[in-house]
Amino acid sequence: MSTFTGNEIIHQYLRHNKKFPHVLCAGCGHGIVLGTLIRSIHALEIPKDDVVVVAGIGCSGRLAVYVDFNTIHTTHGRALSFATGIKMANPKLNVITIMGDGDALSIGGNHLIHAARRNIGVTALVLNNSIYGMTGGQSSPATPLGSTTMTNPYGQLDSNFDTVELARGAGANYVARGTVFHVNKLEKIMTEAIQRPGFSVVEAITPCHTQYGRKNKFKNPVEMYKWMKKTAISVERYAELPEDKRAGRLPIGVFVERNRPGFEESYAQLRSKLQAKGGK
Ligand SMILES: Cc1ncc(C[n+]2csc(CCOP(=O)(O)OP(=O)(O)O)c2C)c(N)n1
Ligand code: SF4
């Protein structure tokens, strides 16, 4: 284990001579998510060469270009397809996808469902800022009912997906939610998610003041972080709340822990069985 501490750890993993200054707005939470990912990998002592970060498109998608792992910035909504191919080609790699809520739940929604059903050994990070950040603030499937966006100036009429329930229902092995305000907790679940075999989903609630906050009565980014502090509650305490006290609260923590073998493991087992019988 290296002796680096604090920001020194993060600096060891950045392509700081090539890819900076970064594009993120002041107050954006995406960088905090990247910091937790780096610290988790560092704590697990995984060599950089054994990590593959696959990102979709969007402000969240930009994160892959800043880190000195094997990285690929793919097409919008298709990070999980690329990640599946990489994991199947070399199951020893730690494959992590970074997707915005638009990327993961809208154009990539079907890929998320079927990656979970298949239980491929990939860690999927969904950076949920309730909006399409990069393209100017259109509503996404995570935009809360009634909130104001560029495409819904009179209020969003569709209900939003619950990423946790979606991933749970589709069959992921590990499903957790954190916020960028609760950094230590986010780092803990990210570390667990990377270690767990099969498909893991971590939803990170992260503020986009530029496209969402200022249209929804948050005076500044700090107000958005205060909202997270006030609203989030551990899933254990949430479960004890009476039904009428749950509205408006955001449960965070670990929701699903299963131990089904990852798809790549089942595939390898089947192949060995068939080869033992004389097949190719
Ligand atoms: C096939 C395709 N459709 C649409 C786009 C335009 N596009 C780029 S990023 C983006 C939305 C990004 O939103 P999200 O995934 O929530 O990430 P954020 O920017 O909020 O981090 C869209 C629609 C695209 N690049 N490719
Ligand atoms: S537009 Fe939103 S998501 Fe994109 S960098 Fe700015 S704050 Fe972050």
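For the range 114-192, the Kirkwood estimate of the hydrodynamic radius, built from every pair of different alpha carbons, is 14.2 Å. Taking a straight line from the alpha carbon of Lys19, these lysines sit under 21 Å away, with near neighbours fewer than eight places off in the same chain left out: Lys48. With protein chains left intact and a 1.4 Å probe, residues in the range 1-98 average 46 Å² of accessible area per residue. Pairs of lysines in the range 153-273 whose Cα atoms sit within less than 23 Å of one another amount to 17, provided the residues are eight or more positions apart or on different chains. Nonpolar atom fraction for the chain, defined as the carbon and sulfur part of the 1.4 Å probe accessible area, stands at 54 percent.
Glu223 contributes about 60 Å² of solvent-accessible surface, heavy atoms of the protein only, 1.4 Å probe.
Can you give me the C-alpha center-to-center distance between the range 163-203 and the range 31-56, rounded to a whole angstrom? Cα centroid to Cα centroid, the span is 15 Å.
Given their separation in residues at 0.36 nm each and the Cα-Cα distance between them, Arg237 and Leu145 gain 30.7 nm when the chain is fully extended.
As I understand it, the dipole of the chain uses +1 on the Cβ of Lys and Arg and -1 on the Cβ of Asp and Glu, about the Cα centre. Which of Ile252, His182, Leu125 lies farthest toward its positive end? Sorting the options by dipole projection puts first Leu125. Against the chain, whose longest principal axis comes from its Cα atoms, helix 79-89 is set at around 20 degrees. Sorted from greatest to least, the principal axis extents spanned by the alpha carbons of the range 77-139 come out as 38, 19, 14 Å.
Angle of helix 30-43 to the longest C-alpha principal axis of the chain, folded into 0 to 90 degrees and rounded to 10: 40°. Charges were assigned to the Cβ only: +1 to each Lys and Arg, -1 to each Asp and Glu. The resulting dipole of the range 24-162 about its Cα centre is roughly 260 debye. If Rh is defined by the Kirkwood formula over all Cα pairs and Rg also comes from Cα, what ratio Rg/Rh do you get for the range 160-280? Looking at the range 160-280, the ratio lands at 1.15. Modelled spin labels at Glu257 and Ser159, positioned 7 Å past Cα toward Cβ, are 3.0 nm from each other. A simple charge model with +1 on the Cβ of Lys and Arg, -1 on the Cβ of Asp and Glu and nothing else charged puts the dipole of the chain at about 240 debye relative to its Cα centre.
Legend: translational diffusion of the chain by Stokes-Einstein, Rh = Kirkwood radius over C-alpha pairs, 37 °C, 0.692 mPa s; D = 171 µm²/s. DSSP beta bridges in the range 19-143, what fraction antiparallel, as a percent rounded to 5? Given both bridge residues lie in the range 19-143, the antiparallel proportion sits at roughly 5 percent. Relative to its residue count, the range 1-153 spans a Cα convex hull of 119 Å³ per residue. Angle, helix 183-195 long axis vs. longest principal axis of the chain, Cα atoms, 0 to 90°, nearest 10? Roughly 20 degrees, rounded to the nearest 10.
The values are calculated or read from the model by the stated rules, or taken from the named source; none is laboratory data. Remember, predicted model here, so these are calculated numbers, not experimental data. Please note: Cβ atoms are built from the backbone with ideal geometry, for glycine as well, and neighbour counts cover all protein chains shown. The protein model used for the area step is the full one, side chains on, heavy atoms only, and it has no ligands, DNA or RNA in it. Shrake-Rupley method; radii C 1.70, N 1.55, O 1.52, S 1.80 Å.
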